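Trainee: The structure that follows is given in the form of structure tokens.
The values are calculated or read from the model by the stated rules, or taken from the named source; none is laboratory data. Everything numeric in this text was worked out from a predicted model, so none of it was measured. Cβ sites come from the backbone with ideal geometry, for glycine too, and all protein chains shown count toward neighbours. We work out accessible area using only protein heavy atoms, side chains counted, and drop any ligands, DNA or RNA first. Shrake-Rupley method; radii C 1.70, N 1.55, O 1.52, S 1.80 Å.
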Amino acid sequence: MSKAAELAKFIADGTLGSDVTDIKHSDGTSSVGINLESDSWRITANVTASSGTHALTANWERVDGAGGGGSDGVPVGTGLSESSGIFSFGKTGVYLIQGVVNGQVGASNNVYLGIHFQTTTDDGTYSTAAYSWTNNMHGGTNAYHQTNTSFTFDVTNTSTHKFKMLYESGVANGSILGGTGTNSTHFTCLRIGNT
């Protein structure tokens with residue numbers, strides 16, 4: 001198959017055919033046969049922030065509208081499933097997960113907002129895979145925070161490898177921003193390789 005035909009196949013169905021030879025991993029092996037997938041989720045309503053670190057456990061929806069998450073809310077490929085803020089994979093593979101937390105400051109002394117992703121590989125014990133913070137050293141109650149982070153997750157078993165998204169607030173007030181019409185606090189998950 002010609003390179004032009006391979007490109008057309010990739011655009012049409014998201015797969016790379018068997019005679020792609022010029023796309024390589026860092027160890028020199030070919031990236032043949034990778035099924036690329038995409039899914040995006042967001043929280044649909046504001047969350048009143050509590051002090052400390054807390055999982056976002058409710059009001060999740062797959063991104064819909066404007067072709068988000070694939071075609072009007074349908075993921076490209078298998079997609080994720082969600083239960084009480086815990087996300088499971090429909091297919092093994094290496095995934096790039098990128099998330100954003102947006103928040104409104106509830107008090108002038110709320111000097112930071114954070115985002116965390118935690119993962120498990122045994123369906124029980126979670127550890128932090130990525131985090132970042134923003135700060136509001138001089139902002140008042142009408143100021144806003146935004147912070148983001150990303151990580152890659154090698155999902156070798158869809159029954160045991162899961163993740164959740166958390167926020168961290170300096171004080172017990174303000175809001176973690178959500179909405180059903182546009183992305184505010186959200187993440188995107190891309191399958192970028194075979195495990």
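Trainee: State whether the range 77-195 is rounded, prolate or oblate according to the following rule on the C-alpha gyration tensor (a ≥ b ≥ c being the square roots of its eigenvalues): a/c under 1.5 gives rounded; otherwise a/b larger than b/c gives prolate, and the remaining case gives oblate.
Mentor: It comes out prolate by the Cα gyration axes.
Trainee: With every protein chain present, what is the per residue accessible area of the range 125-170 (1.4 Å probe, Å²)?
Mentor: Spelled out: the 1.4 Å probe surface of the range 125-170, per residue, equals 53 Å².
Trainee: For a paramagnetic label modelled at 7 Å from the Cα of Ser83 toward its Cβ, which residues of the range 147-164 fall within the zone defined by backbone nitrogen distances under 19 Å?
Mentor: 156-164
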